[in-house]
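Let me begin by presenting the structure, written as structure tokens, before commenting on it.
FYI, it's all coordinate maths here, none of it is from the lab. Model, not experiment: these values are computed from the prediction. Glycine also receives a Cβ, built like all others from the backbone with ideal geometry; neighbour counts cover every protein chain displayed.
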Amino acid sequence: MDTTNLFGHLFKLNKPIVIIAANISIPPMVPLIIFLSFMMGSFWIGDKAIDFSLTRNITLDFIKQNIQQYIYGSITLAIVAGIAFGLLTLIFLKIFKKKHTPAV
């Protein structure tokens, strides 16, 4: 049993939803996440920000020179995505809330 299932079981969560939510790094999404993290980091870096292009050759030297921009962006992206999906979940829970009928 991996840690995702362990925590899902320990906290009595819906196991399929825990597995889906924990596996957000599916291979087709990785380039998009890296690109968005790099772009969001440019807001924090300011004038020193590097414009990221997917047509550019990405080397280890390029990554070493711009790691600060990526780290700032990835933290920002994680916070923004967490808040956005949390609010979206809250809205869906409010919309699809079961009506409680009192027991007779």
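Remarks
- Here the contact order of segment 26-95, divided by its residue count and restricted to Cα pairs under 8 Å and six or more residues apart, works out to 41 percent.
- Compactness index (Cα Rg / 2.2 N^0.38 Å), segment 26-95: 1.33
- Between Ile67 and Leu87, the C-beta separation translates, for a Förster distance of 25 Å, into a calculated FRET efficiency of about 0.25.
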